[in-house]
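Notes for the one structure printed next.
None of the figures in this text is laboratory data; all of them are computed from the coordinates on show. Since the structure is predicted, the reported quantities are computational estimates derived from the model, not experimental observations. Every residue, glycine as well, gets a Cβ built from its backbone with ideal geometry; the counts of neighbours run over all protein chains shown.
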Amino acid sequence: MVKVGIIGYGYWGPNLARNFFGNPRAELKYIADNRQERLKLAGQLYPKTVFTETPHQVMNDPEVDAVIIATPVFSHYELAKEALQKGKHVLLEKPMTASSKDALALIDLAEEKGLSLMVDHTFLYNGAVRKIKDLVEDNTVGNIQYFDSTRINLGLFQPDINVLWDLAPHDISILLHVIEEKPISVQSTGISHTDNGLENIAYMSLKYKDGIIAHFNCSWTSPVKIRMILIGGDKKMLVYNDMEASEKVKVYDTGYEVKSDADKQKILVDYRAGDIYVPKLDTTEALKYMSEDFIASILDGIQPLSNNTLGYQVVRIIEAAEESLRNGSKEILLNF
């Protein structure tokens, strides 16, 4: 039994609390938040849990085995550092930290202490993403040529981070999970329509050594909400529409073949449009699997799917994309 404390009971904290409370290998001992109204709300659901306005009470309790941090990203590093120094396993909400330097420092500290450090990239446990991973691994898609992501909606404008830090981590984590090869460079462009200079619309492209290209469209100013990923291979193409109620993943037996004439003066393209296949997906809540993975990393010593290396890589890519934004959309090389 792993005794856990959750720090932060805002937007995502209640979902985490519900899943760890329901995990038979975990005990929800603490919920910490600096707002009394949030603690009062939690108290109605978990009367046996201890509630506190200070995270330090959670850190200082020797009975607490693990700390789950669901606070704004700027606070992640200091809270996680304190927890690790006091011998607690740590689960961080995404993005892992506000800089790749801080992410690496936490990874080193966790390794030194022999503790589990994990990042909650929940989509990796989603039934649709798990199916996509299977389709890529069994070569149904063939050699991947492109990954195209659109994550746009109206609001919420964040006061401390731009739209890439807010929306892109979801789809970057999916990209890194599905395509094991790592990108070699990033280039981005964007614009701010507010006085704080934080981009509310941004576009980011990642290049790969073997010719794969990944593109991300992120916006807080779209009249419609779109959550869609297109993955093209030389055998088949996939569409993942997270806004669909049931048929979230579709496999298209669609493709093309490029040929040249005898003199290589003309390019001839043969197109193929075949059947559409809708695979059955596991509908279990992704957070259930995520919470089980975190507990298993502590009790069973397994490497979690959403591990800290992937968490660092997501931060490094967004950090480089922001560097590109600040330098006239300059291409920034990535070294992992």
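For this structure, a couple of remarks:
- Looking across the range 178-223, the residues that are acidic (Asp, Glu) and without any contact (Cβ under 8 Å) to a residue 12 or more places away in the chain come down to Glu180, Asp195.
- Residue that is surrounded by the most Cβ atoms within 10 Å (Cβ to Cβ) [pool: residues in the range 145-166 that are in a loop (DSSP other than H, G, I, E, B) and in contact with a Phe, Trp or Tyr (Cβ under 6 Å, 6 or more places away or on another chain)]: Phe157
- Residue check for Ala98: out of contact with any Lys or Arg (no Cβ under 9 Å at 6 or more places or on another chain) and either more than 18 Å from Leu16 (Cβ to Cβ) or aliphatic (A, V, I, L, M) (or both): yes
- The number of residues in the range 278-308 that are surrounded by 14 or more Cβ atoms within 10 Å (Cβ to Cβ) and of a type outside the set (A, V, I, L, M, F, W, C) comes to 12.
- Meets criteria (under 26 Å from Met243 (Cα atoms), within 20 Å of the chain's Cα centre (by Cα) and of a type in the set (Lys, Arg)) for Lys131: yes
- Close pairs (8 angstrom Cβ cut-off, 6 or more residues apart or separate chains): within 18 Å of Ile317 (Cα to Cα) in the range 152-169, among the hydroxyl-bearing types (Ser, Thr, Tyr) and crowded, with 22+ Cβ neighbours inside 10 Å anywhere: Leu164/Ser188
- The sole residue among Ile144, Ile174 that is of a type outside the set (Phe, Trp, Tyr) and without any contact (Cβ under 8 Å) to a residue 60 or more places away in the chain is Ile174.
- Of all the residues in the range 183-234, those that are farther than 27 Å from Ala273 by Cα, charged (D, E, K, R) and within 21 Å of the chain's Cα centre (by Cα) number 3.
- In the range 98-121, the residues that are in contact (Cβ under 8 Å) with a residue 12 or more places away in the chain and surrounded by fewer than 23 Cβ atoms within 10 Å (Cβ to Cβ): Ala98, Ser99, Ser100, Asp102, Leu104, Ala105, Ile107, Leu109, Ala110, Lys113, Leu115
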